[in-house]
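S.K.: Let me begin by handing over the structure; questions about it come next.
Coordinate-derived values only; no laboratory data. Being a predicted model, the structure only gives us computed values, none of them experimental. Cβ sites come from the backbone with ideal geometry, for glycine too, and all protein chains shown count toward neighbours.
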Amino acid sequence: MSDPAVSPSKPVPEWRQYLRFAWNAFSQSVEGGWKFYVWMTLLTAIFLVGANAWALQVRDGMAVTAMSDHVSWGLYIANFTFLVGLAAGGVMMVIPAYLYHDEKMHDIVIIGELLAIAAIIMSIMFVVCDLGRPDRFWHMMPGLGKFNFPVSMLTWDVIVLNGYLLINVHICGYLLYKRFRSQPPVAKMYVPAVFLSIVWAISIHTVTAFLYCGLGGRPFWNTALLAPRFLASAFVSGPAFIIVAIQIIRWQTGRMFGEGAIRTLVAIIRITILISLLMVASEVFVEFYTGGSHTGAAKYLYFGLHGHNELVPWIWTALAFTITAVILFMQPKVNRRPLILNTACLLAFVGLWIEKGMGMIIPAFVPSTLHEIVEYRPSLTEWKITAGIWALGFMIYTLLLKVTINIHSRKLKDTSGVRTVAPDDALAMGDGSGFV
Amino acid sequence: MNDPTPASPKTSCGSGCSCASAPNDEGNSTRRSVIKGLGATLGVAAYAKALAPLTELTKETSMDEFLQKHYKELSKEEIATVIARLTRETKEKYGADVTISDPKPQEGVKFGYALNLSICNGCRKCAEACHLENNHDRASHQSYIRVFEMSKGSMDFEKGNVHYDHPVPQPDKYYMPVQCQQCEHPPCVDVCPVEATWKENDGIVVVDYNWCIGCRYCEAACPYHARRFNWQKPQIPAAEVNPDQGYLSNRIRPQGVMEKCTFCLHRTRNGRLPACLEACPTGARVFGDLNDPNSEVRYVLENKRVFVLKEELGLKPQFFYFFDE
């Protein structure tokens, strides 16, 4: 990649500098010690199992899933919904950092923005895996195909998800690039994008909720509470994931950072998890107190219906996990004892994954619109593809974090071309250098 | 992040950045390069193997099909080419000689369907006729019509049963066949992200089977369970394939796309009656032009006690139920 044209005397166009940065970042991100290779090989193996399952699904048809004309969406759409929330949840670092000028959060906000990138890529992959004809994907591209905008909420989702991905790629890419070049970032190049990303994060989960709650034929989804409920739970699962991620990075880099940020995130979760639970309780009350045949889905979910109770263990596990997490988060010692903190985060994360996935998508189809009961239990193919996409997401997040750490620790920096020498403190402002 | 020795020398990436290897590291670096090259090769091989099933698809989907435009954008000549290709492919894949037509809506006609619940006896001949007429997959016994055995005194589907298996009619029951209601405001059309489904001028909601991406959002949106997905390639013995096919109706659907009742438009647009009506032994089904004041369906609407399913949803079905007495 060394380019003879690059010389100190000749200014190199910015876009070529950026490409060089991207190449450097990529080629160094795949370098590492044996632990790194073991981790990445493991993830690659899981991903390949998923890729193979998907290839077979495309060849043999969606009949290899457990979905049917009665339960026409399943594990893929469940994961998609949860992951859009995870992506939106990263904004709970951005808001304290940029709206409340929390310096400690500001320093490491990029951990949340990178999570948004990985989570959005995963959510898009789950939608693609749910398509019966992925070869016709181009039909959805504006200009090329037919884009049913603004009537179809799915087209809104395509726009907001891709937009959110681009915004976050720009913010992270720009800040890392500037630090790679040893230049202080220019505020007007990224701060407007940061504020846009805050609004946009809310929009991705709102639009995703509108996909479901706008359908009059599915009473279980047809509630105005769905979007707020999605947001509240996203603001639990996002921060919970980030709290654990910060500790793993600390452990791997051997550097202590982010204690203040973790406290802020815990404070956020203490509120959002209660709001989330309150909304679940509110929904449950309306469903069961009102009664009637519209309660069928809720009855099926929580207690089983006419001897069919496939989802009952799922939802009670979710509730048990979430309520235990609430109790743990409310303990003052959650801030001193990592074991309690991490247990709480894990329980909340898994609990919400169930509640917003299997517990949110499937009951809308059982009983069906004509009150037939056909149950759904994900097939092995669906589990393989799901595991594969999660593995790919972890790979992406690992590589992104690795590049970021290398650039911030100055292990990876631009050593050619015209150099703007800036003291490291100057670079520390606003570019998330606090954790190295 | 998983690098336990961040300070250890690295292989040069040749870019002149500070990650370049130390000068005395040559041998080590070569060995590493070999191992990495091997790893990369194995990796590529594994990816190729994992995704190999996709290559078998090229036999199923021709380049012409891949690049085919939306139905509404095809010219007369283009549609003729497409139909010729589909006819040829049906011969190749199913061994059947078929004629695929593309009948257009008749000017000023708006189809409506009415069903007499007083005389329907639940024999399910309509569902069977649909299965045969519309070239449904044989193994799954697919049909666009589901017949519910309902308890007298209740219109609640929760008390209905679609899997009844005894002589009909039972004295304390009545029977309610449900198929696409051809809504005036079809939610399935609204939600489709690629406009692969739309309402034609004669009121029939159709699907372009060659444009649908198979996201199944329409299936989630339909309150009448009227839509079906091709979970796999439909299987029909050559002798059983109905050769009288319509491009937007009963031609054999590809794997992975949506389908639905089209009021048998390949028949009804040519002055014939839907297959389900012809099969009905009781005369419970009435089909016709809602715009024609002398049609039988108009007589029913004006003189019988008529209702539509789930009227409260405001979708204005063009499928009506009525009672005689």
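S.K.: Expected output is a single nm value to one decimal: the length gained when fully extending between B:K316 and B:E92, i.e. 0.36 nm times separation in residues minus the C-alpha distance. What is it?
M.R.: Values: separation 224, 0.36 × 224 = 80.64 nm, distance 4.20 nm.
That pair, B:K316 and B:E92, stretches by 76.4 nm at full extension.
S.K.: How do A:I362, A:I248 rank when sorted from fewest to most other Cβ atoms within 10 Å of their own Cβ? Please list the in-between numbers first.
M.R.: Working: A:I362 27, A:I248 14.
Neighbour counts put them in this order, fewest first: A:I248, A:I362.
S.K.: On to the next question. Just want to confirm a number: the relative contact order over chain A, from Cα pairs under 8 angstrom separated by 6+ residues, in percent.
M.R.: Numbers: 603 pairs, mean separation 136.9, N = 436.
Contact order relative to length: 31 percent.
S.K.: Further question on the same structure: Using the Cα gyration tensor of segment B:111-323, with a ≥ b ≥ c the square roots of its eigenvalues, what is the shape: rounded (a/c below 1.5), prolate (a/b larger than b/c) or oblate (neither)? Write down the numbers at each step before the final one.
M.R.: On the way: a/c = 1.42, a/b = 1.26, b/c = 1.13.
Rounded.
S.K.: At 0.36 nm per residue, minus the direct Cα-Cα distance, what do A:A281 and A:F303 gain on full extension? Give it in nm, one decimal, please. Mind dumping the intermediate values first?
M.R.: Numbers: separation 22, 0.36 × 22 = 7.92 nm, distance 1.53 nm.
Stretched fully, the A:A281-A:F303 segment lengthens by 6.4 nm.
S.K.: Of the residues B:E56, B:E296, B:E128, which exhibits the maximal mean-square fluctuation in a Gaussian network model of chain B defined by a 10 Å Cα contact cut-off?
M.R.: B:E56
S.K.: Based on the inverse mean of 1/r over its pairs of different Cα atoms, what is the Kirkwood hydrodynamic radius of the protein assembly as shown, in Å? Please report the intermediate quantities before stating the final value.
M.R.: On the way: mean 1/r = 0.0347 Å⁻¹.
About 28.9 Å, per the Kirkwood formula over Cα pairs.
S.K.: To continue, here is another question. Between segment B:182-229 and segment A:283-320, what is the C-alpha centre distance in whole Å?
M.R.: 30
S.K.: Follow-up. Longer than 30 Å from Cα to Cα, which of B:K76/B:K316; A:K384/B:K91; B:K69/B:K110; A:K188/A:K413; B:K152/B:K304 are they? Say none if no pair is.
M.R.: Numbers: B:K76/B:K316 33 Å; A:K384/B:K91 36 Å; B:K69/B:K110 28 Å; A:K188/A:K413 23 Å; B:K152/B:K304 19 Å.
As for pairs spanning more than 30 Å Cα to Cα, those are B:K76/B:K316; A:K384/B:K91.
S.K.: Please give the residues of segment B:203-231, grouped as numeric ranges, whose backbone N is less than 19 Å from a label point set 7 Å along the Cα-to-Cβ vector of A:F149.
M.R.: Answer for this model: B:213.
S.K.: Helix-only mean residue ellipticity at 222 nm, the protein assembly as shown, DSSP H runs n ≥ 4 weighted -39,500 (n - 2.57), per residue, nearest 500. What is it? Show your work: numbers first, answer last.
M.R.: On the way: 26 runs with 377 residues, N = 761.
Counting only the DSSP helices, I get -16000 deg cm²/dmol.
S.K.: In addition: Where nothing but the Cβ of Lys and Arg (+1) and of Asp and Glu (-1) is charged, how large is the charge dipole of the protein assembly as shown around its Cα centre, in debye to the nearest 20? Before the final figure, lay out each step's value.
M.R.: Working: 70 positive and 66 negative charges, 461 e Å.
In total the dipole reaches around 2220 debye.
S.K.: While we're looking at this one, here's another question. To the nearest 0.05, what FRET efficiency results for A:Y18 and A:W138 with a Förster distance of 45 Å applied to their C-beta separation? Write down the numbers at each step before the final one.
M.R.: On the way: r = 28 Å, r/R0 = 0.62.
E between A:Y18 and A:W138, to the nearest 0.05, is 0.95.
S.K.: Expected output is a single nm value to one decimal: the length gained when fully extending between B:S151 and B:E78, i.e. 0.36 nm times separation in residues minus the C-alpha distance. What is it? Could you put the intermediate results ahead of the total?
M.R.: Numbers: separation 73, 0.36 × 73 = 26.28 nm, distance 5.16 nm.
Gain on stretching B:S151 to B:E78: 21.1 nm.
S.K.: Counting only the backbone N, which residues of segment B:269-306 are under 14 Å from the spot 7 Å out from the Cα of B:D244 toward its beta-carbon?
M.R.: Answer for segment B:269-306: B:269-279.
S.K.: About its Cα centre, what dipole magnitude does segment B:111-323 give when the only charges are +1 on Lys and Arg Cβ and -1 on Asp and Glu Cβ, stated in debye to the nearest 20?
M.R.: So the dipole magnitude of segment B:111-323 works out to roughly 280 debye.
S.K.: Now a separate question. Which lysines, if any, have their Cα less than 16 Å from the Cα of A:K356, not counting same-chain residues under 8 positions apart?
M.R.: Partners within reach: none.
S.K.: Extending each Cα 7 Å along its Cβ direction at A:D60 and A:Q331, get the distance between those two points in nm, one decimal.
M.R.: The answer from the label model is 4.7 nm.
S.K.: When only Cα pairs under 8 Å and 6 or more residues apart are kept, what is the percent relative contact order across chain B? Don't skip to the end; give the middle numbers.
M.R.: Values: 521 pairs, mean separation 72.6, N = 325.
Relative contact order here is 22 percent.
S.K.: Considering amide H positions built from the backbone, and no H for Pro or chain starts, which residues 5 or more places from B:Y175, or on another chain, come under 5 Å of its amide H?
M.R.: The answer is B:M150.
S.K.: Same structure again: For segment B:169-231, what is the per residue volume of the convex hull drawn over the alpha-carbon atoms, in cubic angstrom?
M.R.: On the way: hull volume 8.0 nm³, N = 63.
Taking only Cα atoms, segment B:169-231 has a hull volume of 127 Å³ per residue.
S.K.: Could you grab the Rg to Rh ratio for segment A:224-330? Cα atoms only, Kirkwood for Rh.
M.R.: Details: Rg = 17.6 Å, Rh = 15.9 Å.
With Rg and the Kirkwood Rh in hand, the quotient comes to 1.11.
S.K.: Go ahead and set up a Gaussian network model of chain A, Cα springs under 10 Å, then flag whichever of A:D107, A:D60, A:D414 fluctuates most.
M.R.: A:D60
S.K.: Would you please name the chymotrypsin sites (Phe, Trp or Tyr not before Pro) within segment A:236-270 that are DSSP coil residues with at most 12 other C-beta atoms within 10 Å of their C-beta? Before the final figure, lay out the partial values.
M.R.: Numbers: sites: A:F241, A:W251, A:F257; in loops: A:F257.
Of the chymotrypsin sites (Phe, Trp or Tyr not before Pro), not one in the loops of segment A:236-270 has a Cβ with at most 12 other Cβ atoms within 10 Å.
S.K.: For B:T55, A:T322, what's the fewest-to-most ordering of other Cβ within 10 Å of each Cβ? It would help to have the intermediate numbers written out before the result.
M.R.: Working: B:T55 11, A:T322 23.
Placing the least packed residue first, the sequence is B:T55, A:T322.
S.K.: State, as an integer percentage, the relative contact order of segment A:49-201 based on alpha-carbon contacts under 8 Å between residues 6 or more apart. Write out the running numbers ahead of the final one.
M.R.: Numbers: 127 pairs, mean separation 36.0, N = 153.
Contact order relative to length: 24 percent.
S.K.: Quick one: among B:T87, B:T58, B:T30, which has the greatest mean-square fluctuation in a GNM of chain B with alpha-carbon springs under 10 angstrom?
M.R.: Maximum among the listed residues: B:T30.
S.K.: So, one more: What are the ³J(HN,Hα) values, in whole Hz, obtained from phi via the Karplus relation 6.51 cos²θ - 1.76 cosθ + 1.60 with θ = phi - 60°, for each residue of segment B:80-95 in sequence order, with x given for Gly and Pro?
M.R.: Once rounded to whole Hz, the list reads 5, 4, 4, 5, 4, 5, 5, 4, 5, 5, 5, 5, 5, 8, 10, x.
S.K.: Roughly what % of Cα-Cα distances in segment A:33-428 sit above 34 Å, to the whole percent?
M.R.: Details: 24236 of 78210 pairs.
Here the tail beyond 34 Å accounts for 31 percent of pairs.
S.K.: Can I ask one more? P(r) of segment B:229-325 in 5 Å steps, Cα pairs, percent per bin?
M.R.: 2, 10, 15, 19, 19, 14, 10, 7, 3, 0
S.K.: Still on this structure: Can you tell which of A:A325, A:P378, B:A238 lies farthest toward the positive end of the dipole of the protein assembly as shown, using +1 and -1 charges on the Cβ of basic and acidic side chains (Lys, Arg; Asp, Glu)?
M.R.: A:A325
S.K.: Continuing with the same structure: Of B:A52, B:F322, A:G292, which is farthest along the charge dipole of the protein assembly as shown in the positive direction, counting Lys and Arg as +1 and Asp and Glu as -1 at C-beta?
M.R.: Of the options given, the answer is B:A52.
S.K.: Can you list residues from other chains, or at least 5 along the same chain, whose modelled amide H is less than 5 Å from the amide H of B:V205?
M.R.: B:E200
S.K.: My understanding is that a pair violates if its Cα-Cα distance is over 23 Å; which of A:K35/A:K333; B:K199/B:K260; B:K159/B:K310; A:K104/A:K178; B:K59/B:K233 do that in this structure?
M.R.: Details: A:K35/A:K333 32 Å; B:K199/B:K260 12 Å; B:K159/B:K310 16 Å; A:K104/A:K178 20 Å; B:K59/B:K233 13 Å.
Where the Cα-Cα span goes over 23 Å, the pairs concerned are A:K35/A:K333.
S.K.: Another question about this same structure. In sequence order, what are the phi-derived ³J(HN,Hα) couplings for segment A:142-157 according to the Karplus relation 6.51 cos²θ - 1.76 cosθ + 1.60 with θ = phi - 60°, rounded to whole Hz, with x for glycine and proline?
M.R.: x, x, 6, x, 10, 10, 6, 9, x, 5, 7, 5, 5, 5, 4, 5
S.K.: Placing unit charges on C-beta atoms (Lys and Arg positive, Asp and Glu negative, everything else neutral), compute the dipole magnitude of chain A about its Cα centre in debye, rounded to 20.
M.R.: Numbers: 31 positive and 24 negative charges, 227 e Å.
About 1100 debye.
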